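Have a look at the structure below before the remarks.
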Amino acid sequence: MTADSVFSRFPPFIREYIYAHGWEELRQTQLDAARVIFEGEDNLLLSSSTASGKTEAVFFPILSELCALPLAYDGVKVLYIAPLKSLINDQFYRMESLLDESGIPVCHWHGDVGASQKTKLLKSPEGILQITPESLESMLVNRANDIPRLFSSLRYVVIDEVHTMIGTDRGNQVICLLSRLSRLAGCRPRRIGLSATIGDLKMAADWLADGSGRQTQAPEPPKQKLHWRLGLEHFFIQNTDYHQAATPLEATDTSDKPRAVADAGYEYLYDAVKSRKALVFSNSREETELVTATLRRIAKARGEKDRFLIHHGNLSASLREDAEIKMKDESFDAVTCATVTMELGIDIGKLSRVVQMEAPNSVSAFLQRLGRSGRRGDPPEMLMVFREETPLPNAPLPELIPWELLRAIAVVQLYVEKRFIEPPRVRKMPLSLAFHQTLSTLASLGELAPRALAERILSLPPMRALDPESYRALLLSMVKNEYLELTDEGGLIVGLAGERIIGSYKFYAVFKDSEDYTVRYEAEEIGTITNPIPKGERFALAGRVWEVEDVDIPRHLIYVQPIEGKMEISWPGDGGEIHTEILRRMREVLFENTSYPYLMPNAAERLSSARHTARTVGMDKSPFLAFSDTSGCLFPWLGTRAFRTLKRFLQAHASELGISNVASFGCFYITFKMTPDTKDFFLSRLLSLIRRDGIDPLSLIPSSETPISDKYDDYIPSELLRRAYAIDKLSPEEVMTYFVSEIQEKENAR
């Protein structure tokens, strides 16, 4: 279809919308979406850069088709699924006038939506329904009889931020829900996935299509020349000589002002966002709290306005919404310190700059965060700030390497050089999800024969790799522990223990949660923390310090009052997995002589120093280094799963290798004690072991170990969890390839 023919298919109100926005031509993304939707019946995966108008691109042709249908209350026509309630509340505001003109109603459905709006939809189902995965799960469980009436005419399912779903239990939950909904309602809607960061278009397209009965078209994103403003700067925490930290991004204010409030890195950060609307990303809630509190302390010490907001998952909805509203206000130069909650596509207006504390966890996260700035014609702009303890004179070698700086450079270079984005992971034994969907299906449909239940669960696309014997073992365990009950007729129903699980509102989410305590100051809800804090103790939340006045354990409430000071608090969680490509590129960064134009003076000097150290000790010659006759270190340059496999292999064969006390830091290096005769033969012994026996992942998990990682793992037999961990969390193939090819080649060359 040509641009003219696409434009002519749009009804007058869409054409007027395009004219009103001053668009002189349709973008390639809009043409691709219209071609797929207008010309066939395939699914669509639309991947293009942040702020490229993906939502409008798919809704122009969708609304065009809906407007051609007869007006009738015959069910929801479009189901829009988003990972965040805030994304649902925000996503269509740009198109409010367009939707008003179309006459097609839009309904929100999630935990914060009032009953009256939901009742209205139930009485007169029509138009577009925006919903979270958890609310859709609840609807299937509690309103199964309404599903055919609500969704029998469903034509489209739009899944936003699809990259956050692929390869996760939550994403697999969505595919399960869509399969169950289609079966109950007798519909076969087309699926449309939206994302700015897809690593493998084919894998993502296959994931989106699974169970839909349709092919998925995934147009290649428009090739765009990279135009970024990017800067990386490094500080030693003990360094107070802030005035040397000049930056080509012109972020530094070198006027004579007191700078004794924090270390040089934080002072630099403060001036980098001064008088700007900005986002400051951290990789954890703890760091976000610390950054916010420190910036507020600097503002107070300088006698300047506190413009700093905070946004993460443990804050109350009102505080998060307050940050979103203030960021949208063009007249207010707010700075919001955030985690991944601000990474997704909530439109918060035009940002002057994004700052990242330490390295992003992935290439995908880097692109998502960078893309939050640079809208409305300006190039994206990001500053990365690295703070590191000054190594002691006798520090061991690994502590002399700036791992976070290397990782950040690797992330940037992988995208610049290869347009690499991490491909999705496919889980073969999603046992926690199988447990959850078993309870959910029986709660929805009532009694089912074991064979019929197994057919329903194992036919769900994410469960197809789960073998029948493993699922049978899971069902037997669920009956034994009263999560399920066997009726006199031989059918299965939800048991007493299962009813207790389903009875909690937390059941509908498949991601792991905690028994959080709600923090209140007078009538205001501040947020939640994981563990109760004793009366009189202090902790940080929402970028401020609080003192506990009272604790109500049965009701999970903590009453506080604000005080001055600086404290920390921690939440459970991890930083996610790192792909092997990032580790390999980190190795190249450390050993190549390339100068990167985005490195600022301190960062460039720190990298140069690390390169000199690494070459001096021979890290470029071998992945194994002996610190002494009795201690050694291995630098495998492998991603999280392969690194985890190698560490377990070393622990399992420690006596044969002559090592002990195996320990690791992230997935950067492994240290161990060794006998004096091990030093000269460690790598050859390791290679010999791997070639002789291979790597059996199941043998690396002791029978006494029960690997718990997902929400419902506590309810699953240990032997099943060990198998699932071996299959889905370890990567022996990567380790074998690395040692049998690369390391053997290096050993032969020595």
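When only residues in region 280-292 that are crowded, with 22+ Cβ neighbours inside 10 Å and of a type outside the set (S, T, N, Q) count, which is farthest from the chain's Cα centre (by Cα)?
Residues of region 280-292 crowded, with 22+ Cβ neighbours inside 10 Å: 280-281, 285, 288-289, 291-292.
Checking the rest, the ones that are also of a type outside the set (S, T, N, Q) come to 280-281, 285, 289, 291.
On the way: V280: 17, F281: 13, R285: 14, E289: 19, V291: 21 Å.
Looking at the filtered set, the residue picked out is V291.
Got a sec? Which of S741, S718, S709, S704 is surrounded by fewer than 19 Cβ atoms within 10 Å (Cβ to Cβ), over 18 Å from P623 (Cβ atoms) and at pLDDT below 90?
Details: S741 fails: over 18 Å from P623 (Cβ atoms); S718 fails: at pLDDT below 90; S704 fails: at pLDDT below 90.
Criteria check complete, one pass: S709.
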I need the full set of residues from region 590-612 which are in contact (Cβ under 8 Å) with a residue 24 or more places away in the chain, surrounded by 15 or more Cβ atoms within 10 Å (Cβ to Cβ) and closer than 30 Å to T678 by Cβ, in order please. L590, A610
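Per-residue answers, yes or no, for (1) without any contact (Cβ under 8 Å) to a residue 12 or more places away in the chain; (2) of a type in the set (S, T, N, Q):
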residue	(1), (2)
L44	no, no
P70	yes, no
V76	no, no
A82	no, no
W109	no, no
D112	no, no
T119	yes, yes
L150	no, no
Exclusive hit being over 22 Å from R155 (Cβ atoms), among the hydroxyl-bearing types (S, T, Y), open to solvent by 40 Å² or more (accessible area, probe 1.4 Å) and at pLDDT below 75, set S49, S86: S49
Filtered residues of region 720-734 (kept if touching a residue at least 60 places away in the same chain (Cβ under 8 Å) and assigned to a helix (DSSP H, G or I)): L720, L721, R723, A724, I727, D728, P732, E734
Just one of A246, A204 is open to solvent by less than 20 Å² (accessible area, probe 1.4 Å), of a type outside the set (V, I, T) and modelled with pLDDT under 95; which is it? A204
Is it the case, given these coordinates, that T580 is under 30 Å from S440 (Cα atoms), touching an Asp or Glu at 6+ places or on another chain (Cβ under 7 Å) and either in contact (Cβ under 8 Å) with a residue 24 or more places away in the chain or surrounded by fewer than 17 Cβ atoms within 10 Å (Cβ to Cβ) (or both)? no
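Does at least one position in region 118-128 carry a residue that is hydrophobic (A, V, I, L, M, F, W, C), modelled with pLDDT under 85 and surrounded by fewer than 19 Cβ atoms within 10 Å (Cβ to Cβ)?
Pass one, region 118-128, residues hydrophobic (A, V, I, L, M, F, W, C): 121-122, 128.
After this cut, where a residue has to be modelled with pLDDT under 85 as well, the list is none.
No; the residues of region 118-128 include none that is hydrophobic (A, V, I, L, M, F, W, C), modelled with pLDDT under 85 and surrounded by fewer than 19 Cβ atoms within 10 Å (Cβ to Cβ).
Mind listing just one residue for me: the one in region 567-577 that is of a type in the set (D, E) and either at pLDDT 70 or above or in contact with a helix residue (DSSP H, G or I) (Cβ under 8 Å, 6 or more places away or on another chain) (or both) and, of those, surrounded by the most Cβ atoms within 10 Å (Cβ to Cβ)? Spell out how you get there, then give the answer.
If we filter region 567-577 for residues that are of a type in the set (D, E), which is where we start, we get 568, 574, 577.
Now narrow it down to the ones that are either at pLDDT 70 or above or in contact with a helix residue (DSSP H, G or I) (Cβ under 8 Å, 6 or more places away or on another chain) (or both): 568, 577.
Numbers: E568: 12, E577: 18.
Filtering first and then ranking leaves E577.
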For region 69-83, indicate whether the set of residues that are open to solvent by less than 60 Å² (accessible area, probe 1.4 Å), assigned to a helix (DSSP H, G or I) and of a type outside the set (D, E, K, R) is non-empty. no
Test result for V291, at pLDDT 85 or above and closer than 17 Å to E381 by Cβ: no
Elements of type helices (runs of 4 or more DSSP H) contained in region 580-680, each with 3 or more residues being more than 23 Å from L700 (Cα to Cα) and hydroxyl-bearing (S, T, Y): 601-617
For region 98-117, give me each residue that is open to solvent by less than 40 Å² (accessible area, probe 1.4 Å) and of a type in the set (A, V, I, L, M, F, W, C). L98, L99, I104, C107, W109, V113
Say whether the condition of being touching a helix residue (DSSP H, G or I) at 6+ places or on another chain (Cβ under 8 Å), on the phi < 0 side of the Ramachandran plot, at pLDDT below 85 and open to solvent by 30 Å² or more (accessible area, probe 1.4 Å) is met by at least one residue in region 552-566. yes
Extreme residue, farthest from I310 (Cα to Cα), among residues of region 508-541 that are touching a His at 6+ places or on another chain (Cβ under 8 Å) and surrounded by 18 or more Cβ atoms within 10 Å (Cβ to Cβ): V510
Going through region 512-535 in order, the residues found to be at pLDDT 85 or above and over 19 Å from E289 (Cβ atoms) are E522, A523, P534, K535
Of the residues in region 129-170 that are part of a helix (DSSP H, G or I) and farther than 30 Å from E447 by Cα, the one that is least open to solvent (accessible area, probe 1.4 Å) is V162
Select from region 631-676 the residues that are under 17 Å from L687 (Cβ atoms) and aromatic (F, W, Y) and list them in ascending order. F635, W637, F649, F672
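Does region 487-505 contain any residue that is within 33 Å of the chain's Cα centre (by Cα) and modelled with pLDDT under 90? Steps first, answer last, please.
Narrowing region 487-505 to residues within 33 Å of the chain's Cα centre (by Cα): 494, 497-505.
Next cut, modelled with pLDDT under 90 only: 505.
Yes, region 487-505 has at least one match.
Tally the residues that are in contact (Cβ under 8 Å) with a residue 24 or more places away in the chain, touching a strand residue (DSSP E or B) at 6+ places or on another chain (Cβ under 9 Å) and open to solvent by less than 60 Å² (accessible area, probe 1.4 Å), restricting the search to region 613-632.
Number satisfying all stated conditions: 7.
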Scan region 211-239 residue by residue and report those that are open to solvent by 50 Å² or more (accessible area, probe 1.4 Å) and of a type in the set (D, E). E220
Go through (1) open to solvent by less than 20 Å² (accessible area, probe 1.4 Å); (2) within 23 Å of T580 (Cα to Cα) one by one and return the number of the condition D696 breaks. (1)
Filter region 171-201 down to residues that are open to solvent by 20 Å² or more (accessible area, probe 1.4 Å) and more than 17 Å from V426 (Cβ to Cβ) and give me whichever is nearest to the chain's Cα centre (by Cα). A196
Looking at region 323-334 only, could you name the residues that are open to solvent by 60 Å² or more (accessible area, probe 1.4 Å) and not in a loop (DSSP other than H, G, I, E, B)? I325, K326, K328
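Identify the residue in region 670-682 that is open to solvent by less than 30 Å² (accessible area, probe 1.4 Å) and at pLDDT 90 or above and, among all such residues, is farthest from P636 (Cα to Cα). Before the answer, list the steps.
We begin by selecting, within region 670-682, every residue open to solvent by less than 30 Å² (accessible area, probe 1.4 Å); these are 670, 672, 674, 678, 682.
Applying the additional criterion that residues be at pLDDT 90 or above yields 670, 672, 674, 682.
Numbers: I670: 8, F672: 14, M674: 18, F682: 14 Å.
The selected residue is M674.
The values are calculated or read from the model by the stated rules, or taken from the named source; none is laboratory data. Source: prediction; values computed, not measured. Note: ideal-geometry Cβ built from the backbone for every residue, glycine included; neighbour counts use all protein chains shown. Ligands, DNA and RNA are excluded from the accessible area calculation, which covers all protein heavy atoms including side chains. Shrake-Rupley method; radii C 1.70, N 1.55, O 1.52, S 1.80 Å.
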